Each structure stands twice: as structure tokens, then as C-alpha cells.
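Chemist: Structure provided below as C-alpha cells; questions to follow.
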Amino acid sequence: QLLLVESGGGLVQSGGSLRLSCATSGFSLDDYTIGWFRQAPGKAREGREGVSCISFTDGEIHYADFAEGRFTISRDNAKNTVYLQMNNLKPEDTAVYYCAADRWPKGYSEYWGLLSYRYDYWGQGAQVTVSS
């Protein structure tokens, strides 16, 4: 059974940092892309916003414009875990953050990696709250 579990959320002041973890089990990451998404308060599931993704197929990494330069995605193959380091957090980053997994042919993460509807497997989410 493919399982994704997020951790590391919390309350932080504006300008602070958090590191989210996405622990995976039940599958090999070798053929998968792991994406991070967020769902702001009051937004529907369909409105989950792509944050970043990392492809284990071809090593590609992609970021949403708002995440570029502030967020960093990384992986620990030995722990089957993907991380999202978030720095210089702003109140508008407040959301539930989800990690998701799916597998596509090499090169597809560039086009699909930040699209929530392209992913079939999701974690339960981690709340991130940034106070002003």
C-alpha cells in the first residue's frame, strides 16, 4: 500500500522557517515524482496550488514562481523521504501543505509536476500557519 505522511508543520512568525517532511512507504521512489501542494483556507481541494516537485525518474526539480528562491525541495533516498525547506515565510503562505506521488514517463514532471489533478496518491496534510 502506497503511503505518504507529512510532518513538520506548525505556527511560525513572518520571516521564519519550517521544514516539512514527506515520509513514503509501500513503493519504490525510483519511478515516481513527488509534489508538494498547498490548500489555502476556504479553498476547495480542486484549488490546491502546486509548490514544488522532484522527479526520481530524471532528477528534475520545479518550483512555482512564489516558491522560487524561498523554498527548497530535497530528498533522502535512504529514508524514502522528501523535504520542503521553507524560508522567509509570509502570512500568505498559510495553508495545509500536502505531498503527493505519481509516476510518469521521463520529462513529464516539467509539464505535470505542479498540477494537482495529475497525482493519484496523497498524504493527509500538514498545517502551516504564518503570523504577521
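The values are calculated or read from the model by the stated rules, or taken from the named source; none is laboratory data. None of these values were measured; they are calculated from a predicted model. Every residue, glycine among them, receives a Cβ derived from its backbone with ideal geometry; neighbour counts consider all protein chains shown. Areas reflect the complete protein model, heavy atoms only, side chains present, ligands, DNA and RNA absent. Shrake-Rupley method; radii C 1.70, N 1.55, O 1.52, S 1.80 Å.
Chemist: Please determine, by comparing only the residues of the range 1-22 that are under 28 Å from N77 (Cβ atoms) and assigned to a loop (DSSP other than H, G, I, E, B), which one is most open to solvent (accessible area, probe 1.4 Å).
Modeler: By that ranking, first place goes to Q1.
Chemist: Look through the range 23-35, keep the residues that are part of a strand (DSSP E or B) and in contact with a Leu (Cβ under 6 Å, 6 or more places away or on another chain), and return whichever of them is least open to solvent (accessible area, probe 1.4 Å).
Modeler: T24
Chemist: Is one or more of the residues making up the range 43-52 open to solvent by 30 Å² or more (accessible area, probe 1.4 Å) and of a type in the set (S, T, N, Q)?
Modeler: no
Chemist: Among (1) surrounded by fewer than 16 Cβ atoms within 10 Å (Cβ to Cβ); (2) without any contact (Cβ under 8 Å) to a residue 40 or more places away in the chain, there is one condition G107 misses while meeting the rest; what is its number?
Modeler: With respect to (1) surrounded by fewer than 16 Cβ atoms within 10 Å (Cβ to Cβ); (2) without any contact (Cβ under 8 Å) to a residue 40 or more places away in the chain, G107 is out only on (2).
Chemist: Quick one: how many residues across the range 61-80 are at pLDDT 95 or above and assigned to a loop (DSSP other than H, G, I, E, B)?
Modeler: 7
Chemist: Anything in the range 53-62 that is open to solvent by less than 20 Å² (accessible area, probe 1.4 Å) and aliphatic (A, V, I, L, M)? List them, or say none. Working first, answer last.
Modeler: Here is the first cut: in the range 53-62, the ones open to solvent by less than 20 Å² (accessible area, probe 1.4 Å) are 53-55.
Across the range 53-62, the qualifying residue is only I54.
Chemist: What are the pairs, 6+ residues apart or on separate chains, where a residue within the range 114-130 that is closer than 12 Å to G8 by Cα and assigned to a strand (DSSP E or B) has its Cβ under 7 Å from a residue that is modelled with pLDDT of 95 or more and open to solvent by less than 20 Å² (accessible area, probe 1.4 Å)?
Modeler: A126/E6; A126/L20; A126/Y97; V128/D93; V128/A95; V128/Y97
Chemist: Residue by residue through the range 41-60, note down the ones that are among the polar types (S, T, N, Q) and in a strand (DSSP E or B). Talk me through it step by step, then tell me what you get.
Modeler: As a first pass, look at the range 41-60 and keep what is among the polar types (S, T, N, Q): 52, 55, 57.
If the condition is that a residue be among the polar types (S, T, N, Q) and in a strand (DSSP E or B), then S52, S55 are the ones that fit.
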